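Comments concern the structure below.
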Amino acid sequence: MAKDYYGLLGVSKTASDEEIKSAYRKLAKKYHPDLYSTATEAEKKAAEEKFKEINHAYSVLSDPDKRAAFDAYGDENGPMGGQGGGAGFGGFGGFGGAGRSGGGFGFDMDDIFSTIFSGFGGGRSSSGARGNAPQRGADIRVRMTLTFEEAAFGVQKKVSVRRTEVCSDCNGTGAKPGTGTKVCSNCRGTGQVTHTQNTPFGQFATTGVCPVCKGKGKIVTDPCKTCGGAGVTEKSREITVNIPSGIDSGQTITYTGEGNAGRNGGERGSLVVEISVRPHKLFKRNGSDLQLELPLTIAEAALGCTVMVPTLKNTQELKIPEGTQSGTVFKIKGGGIKKLRSSDSGDLYIKVIVEVPKSLTREQKDLLRKLDADFDLKQFPRKKEYKDKN
């Protein structure tokens, strides 16, 4: 009895051809032997078996006739089961000549090849970059939290990082000073090794980093005592970070060459500072503009007044005309935050909130009732408009 090919690919029995093809692609990439070059022998063998199983499952489910036979009899060879000499891994007779055009598979082999090997350089043979070629060091990412004012005006801060640096004793060779290295016999100094894999599609050669010399092409015979033969050491560094005025949460500052050391003479990585800004107790930010809510009493809004409005730099005088309604917005030009990489600044928008008093005394209530009785409806345009519509 054949295995459950649908279960192997993780699809239902009603799956479309495209769903089966998509599931196969993902699994073929996941279990490709090149991904297990540094794994244990048991893991390598398990991955190889899984790779064979999903390839065979796809070869059956992608062929209409074989799929129909499997659905009907539980075996792609029909009621005779394995006796019919079907296309198992013992032979390729049922594959219709697994060439680049796809033969009897019913799918585009070039498409499958490019998908499976996209992570290994592509095609039937992936050469890739040389394992001992210069490689850029990894970036270091740190998060820095600023006050609202520090982000608005800019500030200089120091950040401590731990990073790898080229060993000062061996200059990155990994060898004890005064000693040398020898050419790796496993890769013959190339830093790469080629793996040949037999699959139902034929034989494929893929190239990866040599596991013996880790891609360097050379082997240290007498390791440096300082770095243990790694060629790099880990050190703590304090780096000065200049925060420009106008920076906002979510933005980053990159310092080239302040990250981890590269390999084989490659350049250092970068230090990437991710900015987070604390909220302000009064202001809300919208880009380079600031927003402020200004509470006024009924009397201040009705009679008009002059108030002192805070800004990030100082306080400014703002005249409130009589009859100002709640929700009215005033603008102080240039009262916002300096725009990043610009000499211009945003504006300060002040929204008036007319506050109704609470916990009135009896005398205050009487005064308000007398005042309300003395009002004319024309003095309340919105209320008049509302009444006119009813």
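The values are calculated or read from the model by the stated rules, or taken from the named source; none is laboratory data. Predicted model only: the values in this text are computed from it and were never measured. Glycine gets a Cβ as well: all are built from the backbone with ideal geometry, and neighbour counts include every protein chain shown. The accessibility values were calculated without ligands, DNA or RNA, using every heavy atom of the protein model including side chains. Shrake-Rupley method; radii C 1.70, N 1.55, O 1.52, S 1.80 Å.
Data for the structure
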{"quantity": "Complete set of residues in region 1-33 that are farther than 18 Å from E49 by Cβ and among the hydroxyl-bearing types (S, T, Y)", "calculated": "Y6, S12, T14, S16, S22"}
{"quantity": "Answer from K387, K358 - the residue that is charged (D, E, K, R), outside any helix (DSSP H, G or I) and out of contact with any strand residue (DSSP E or B) (no Cβ under 6 Å at 6 or more places or on another chain)", "calculated": "K358"}
{"quantity": "Extreme residue, surrounded by the fewest Cβ atoms within 10 Å (Cβ to Cβ), among residues of region 311-343 that are without any contact (Cβ under 8 Å) to a residue 60 or more places away in the chain and within 23 Å of P244 (Cα to Cα)", "calculated": "S343"}
{"quantity": "Criterion: in a strand (DSSP E or B) and touching a residue at least 12 places away in the same chain (Cβ under 8 Å) - qualifying residue of A205, A230", "calculated": "A205"}
{"quantity": "Extreme residue, farthest from K338 (Cα to Cα), among residues of region 143-166 that are of a type in the set (A, V, I, L, M, F, W, C) and open to solvent by 30 Å² or more (accessible area, probe 1.4 Å)", "calculated": "V166"}
{"quantity": "Answer from S245, S236 - the residue that is open to solvent by less than 30 Å² (accessible area, probe 1.4 Å), hydroxyl-bearing (S, T, Y) and within 34 Å of the chain's Cα centre (by Cα)", "calculated": "S245"}
{"quantity": "The lone exception for G78 - which of (1) farther than 30 Å from T207 by Cβ; (2) at pLDDT 80 or above; (3) of a type outside the set (S, T, N, Q) it fails", "calculated": "(2)"}
{"quantity": "When residues of region 274-301 are limited to those that are of a type outside the set (D, E), surrounded by fewer than 16 Cβ atoms within 10 Å (Cβ to Cβ) and closer than 30 Å to K365 by Cα, the one farthest from the chain's Cα centre (by Cα)", "calculated": "A299"}
{"quantity": "Some residue of region 210-222 being farther than 30 Å from E49 by Cβ, aliphatic (A, V, I, L, M), part of a strand (DSSP E or B) and at pLDDT 85 or above", "calculated": "yes"}
{"quantity": "Members of region 60-77 that are touching a helix residue (DSSP H, G or I) at 6+ places or on another chain (Cβ under 8 Å), surrounded by fewer than 22 Cβ atoms within 10 Å (Cβ to Cβ) and outside any helix (DSSP H, G or I)", "calculated": "S62, D63, D75, N77"}
{"quantity": "Residue selected from region 1-59 under the condition among the hydrophobic types (A, V, I, L, M, F, W, C), under 30 Å from G215 (Cα atoms) and more than 29 Å from the chain's Cα centre (by Cα), by the criterion least open to solvent (accessible area, probe 1.4 Å)", "calculated": "F51"}
